[in-house]
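Here's the structure we're looking at; comments come further down.
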Amino acid sequence: MPVSSVVTRFAPSPTGTLHIGSARTALFNWLFTRRHGGQFLLRVEDTDKERSTEASTQAIYRGLEWLGLDFDGQPISQAANSKRHAEVAHAMLDAGHAYKCFATQDEIAAFRDVAHAEKNSTLFRSTWRDVADCDHPDSPYVVRLKAPRDGQTVIKDQVQGDVTIRNDQLDDMVLLRSDSTPVYMLAVVVDDHDMGVTHVIRGDDHLNNAARQIQIYIAMGWDLPVYAHIPLIHGPDGKKMSKRHGATGVEEYQALGYSAAGMRNYLARLGWSHGDDEFFTDSQAQSWFDLEHIGKSPSRFDFKKLANVSGQHIAQTENAALLHELQGYLAATAAPTLNDAQKLAFLKGVYCVKDRAKTMAELLEKSAFMLNARPLDFDQKAKQTLDIVSIGILIELTPQLQNVIWNREALEALVGILAESHNTKLGKLAAPLRAALSGRVVSPSVFDMMLVLGRDETIARLNDIS
Ligand code: GLU
């Protein structure tokens with residue numbers, strides 16, 4: 001197959017938040033598709049009217065957008081295709097690959113009770129499978145697939161290997177309900193076929209579905225897609241990732257401040273590997289990603305690793321892009337937006353904080369000195385640092401700052417000489433200076449802060465404490 005003909009899809013059900021596991025499925029599809037120059041499509045599986053919500057659909061869009069997983073074309077609504085799904089069921093009926101089943105719910109329940117009591121398979125075996133049309137009653141029916149009962153079905157899975165299922169374990173699944181509405185299993189296959197999907201990359205909770213879905217492809221004479229069923233994500237304790245472990249929705253991760261690039265990198269590494277590489281860029285991931293190196297066993301989510309990778313990406317991100325991401329973070333946490341002066345200050349000063357922030361939350365915290373306007377709020381420790389003696393030295397320093405050349409070398413020399421004249425170390429003087437300039441006891445270096453704040457603001461802050 002020419003590589004450019006790759007078509008994948010991400011097919012979330014809009015019934016809640018965009019789960020982190022689903023986001024990783026989307027990411028794998030996206031990486032694989034971008035590597036092969038194909039089409040990555042989004043299909044919203046909204047056939048479950050009771051559970052699907054518009055709010056959840058919007059959350060899917062927002063989650064994908066934050067993660068930078070751009071899809072091709074317009075999103076496709078599965079519910080909008082229901083006519084076509086029914087049409088295919090009728091084609092199967094006409095071709096003898098499906099049949100009308102008139103069994104009532106009570107009859108099916110009775111069949112199961114007997115099978116249970118006799119310790120037989122409870123797979124429903126309809127008595128209508130081979131009944132001719134002329135013998136059909138005029139009563140409600142469902143359309144069932146005439147599934148093969150002999151032989152076996154092999155799912156040639158790129159991750160799981162060959163998975164063989166005995167056909168006598170397949171039931172004649174319902175394709176159309178008695179009200180003529182198509183079932184989800186049929187909708188997936190018809191949509192995948194109609195969308196030209198060549199590779200189905202999805203969670204391995206759908207592996208069993210694949211065996212049944214394949215029967216529809218065979219009945220319709222359609223080409224099978226390549227399957228890759230990827231293991232689930234587990235929490236640090238090895239159990240299925242859930243709220244107990246922490247955040248599960250993609251938007252929660254944004255609100256926690258992880259960088260989107262870091263998230264992509266970490267999620268790609270979670271379940272897929274490229275040698276020992278832990279940190280990589282998008283273009284590296286796009287040129288390396290393959291199905292062969294997806295692991296077979298569930299991976300464990302490690303929040304510490306995520307934070308580390310996120311931090312490495314923050315350090316590498318261009319300042320303007322960081323500002324953009326910070327604004328997204330502020331919006332996600334419903335925090336006030338930055339004004340123009342704050343944006344400029346951030347662009348000027350972020351160089352001295354970006355190497356040490358693992359998340360946007362930390363980046364914001366470390367940037368406080370440049371974003372906060374005078375008069376500063378001093379935290380308790382900073383207040384304690386500013387004792388009478390320290391303030392006295394800072395008062396001495398202030399007029400000297402008026403004429404010094406405003407560069408690192410000159411400032412270091414000036415503060416150094418002042419420290420010496422008081423028989424103290426530069427570090428001792430740096431503490432109250434830090435408190436005066438930032439209101440905190442932890443901040444970037446005092447010289448970085450002075451350079452970022454500029455002469456006037458530095459002097460004004462020193463005057464505020466005297
Ligand atoms: N809608 C399904 C889900 O959200 C995915 C179906 C598929 O990928 O075939 O789990």
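Provide the gained length on full extension for the span Ala413 to Thr122, in nm with one decimal, where the gain is 0.36 nm per separating residue minus the Cα-Cα distance.
Values: separation 291, 0.36 × 291 = 104.76 nm, distance 8.59 nm.
The Ala413-Thr122 span can extend by a further 96.2 nm.
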- Query: What's the angle, to the nearest 10 degrees (0 to 90), between helix 82-94's Cα axis and the longest principal axis of the chain?
  - Reply: 30 degrees
- Item | Cβ-based net charge around Tyr258, under 11 Å, with every Lys or Arg adding one and every Asp or Glu removing one | -1
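Among Lys358/Lys383; Lys354/Lys381; Lys348/Lys425; Lys305/Lys358, which pairs are too far apart, with a Cα-Cα distance over 19 Å?
Details: Lys358/Lys383 27 Å; Lys354/Lys381 24 Å; Lys348/Lys425 29 Å; Lys305/Lys358 10 Å.
Where the Cα-Cα span goes over 19 Å, the pairs concerned are Lys358/Lys383; Lys354/Lys381; Lys348/Lys425.
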- Query: Where Lys and Arg each count +1 and Asp and Glu each count -1, what net charge lies around His313 among other residues with Cβ under 15 Å from its Cβ?
  - Reply: -1
- Please give every one of the lysines within straight-line cross-link reach of Lys83, meaning a C-alpha to C-alpha distance under 25 Å, and leave out same-chain neighbours fewer than 8 residues apart. Lys49, Lys100, Lys146
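Sort 157-165, 320-328 by the packing proxy (mean of other Cβ within 10 Å over each peptide's residues), most packed first. Display every interim value, and only then the final one.
Working: 157-165: 15.7, 320-328: 17.2.
Ranked by mean Cβ neighbours within 10 Å, highest first: 320-328, 157-165.
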- Task: Figure the gain on full extension for His324 and Ser178 (residue separation times 0.36 nm, minus the Cα-Cα span) and round it to one decimal in nm.
- Result: 47.3 nm
- Item | Pairwise centroid distance, computed over Cα atoms, of the stretch 342-365 with the stretch 300-329, Å | 11 Å
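In terms of the Cα gyration tensor, with a ≥ b ≥ c the square roots of its eigenvalues, is the stretch 1-109 rounded because a/c is under 1.5, prolate because a/b exceeds b/c, or oblate? Could you put the intermediate results ahead of the total?
Details: a/c = 2.70, a/b = 1.54, b/c = 1.75.
In terms of gyration-tensor shape, oblate.
Using a 1.4 angstrom probe on the protein heavy atoms only, line up Arg35, Arg212, Arg356 by accessible area, largest first.
On the way: Arg35 105, Arg212 70, Arg356 130 Å².
Highest to lowest solvent-accessible surface, that is Arg356, Arg35, Arg212.
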- What is the antiparallel percent of DSSP beta bridges lying wholly in the chain, to the nearest 5? 50 percent
- How much net charge surrounds Asp192 when only the other residues with a Cβ under 9 Å from the Cβ of Asp192 are counted, with Lys and Arg +1 and Asp and Glu -1? 0
- Take peptides 173-180, 272-279 and line them up by average Cβ neighbours within 10 Å, highest first, as a rough protection proxy. 173-180, 272-279
- Task: At 7 Å along the Cα-to-beta-carbon direction for both Asp194 and Asp237, put a label point, then send me their distance in nm to one decimal.
- Result: 4.5 nm
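Take the solvent-accessible surface of the protein heavy atoms, probe 1.4 Å, and return the percent of it on the stretch 142-207 that carbon and sulfur atoms account for. Provide the component values of the computation, followed by the final result.
Numbers: 1180 of 2670 Å².
Here it works out to 44 percent.
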- Note on the structure: Expressed in angstrom and rounded, the centroid-to-centroid distance over alpha carbons for the stretch 412-466 and the stretch 276-292 is 44 Å
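If you count, for each residue, the other Cβ atoms within 10 Å and average over each peptide, how do 203-210, 304-311 line up from highest to lowest?
Numbers: 203-210: 16.5, 304-311: 19.0.
Averaged packing, sorted descending, gives the order 304-311, 203-210.
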- Quick one: if the Förster radius is 45 Å, what FRET efficiency do Lys381 and Ala79 give, using the C-beta to C-beta distance and rounding to 0.05? 0.20
- Query: Once amide H atoms are built 1.01 Å from N in the peptide plane, which residues 5 or more positions from Phe378, or in another chain, come under 5 Å H to H?
  - Reply: none
- Mind running the shape call on the stretch 163-214? Use the C-alpha gyration tensor, a ≥ b ≥ c as the square roots of the eigenvalues: rounded below 1.5 for a/c, prolate if a/b tops b/c, oblate otherwise. oblate
- Item | Theoretical gain in end-to-end length, Tyr61 to Ser139 [0.36 nm per residue, Cα-Cα removed] | 23.7 nm
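The values are calculated or read from the model by the stated rules, or taken from the named source; none is laboratory data. Since this is a predicted model, take the numbers as computed values, not measurements. Note that each Cβ is placed from the backbone with ideal geometry, even for glycine, and that neighbours are counted across all protein chains shown. For the accessible areas, the whole protein counts, side chains as well, though only heavy atoms, and no ligand, DNA or RNA atoms are used. Shrake-Rupley method; radii C 1.70, N 1.55, O 1.52, S 1.80 Å.
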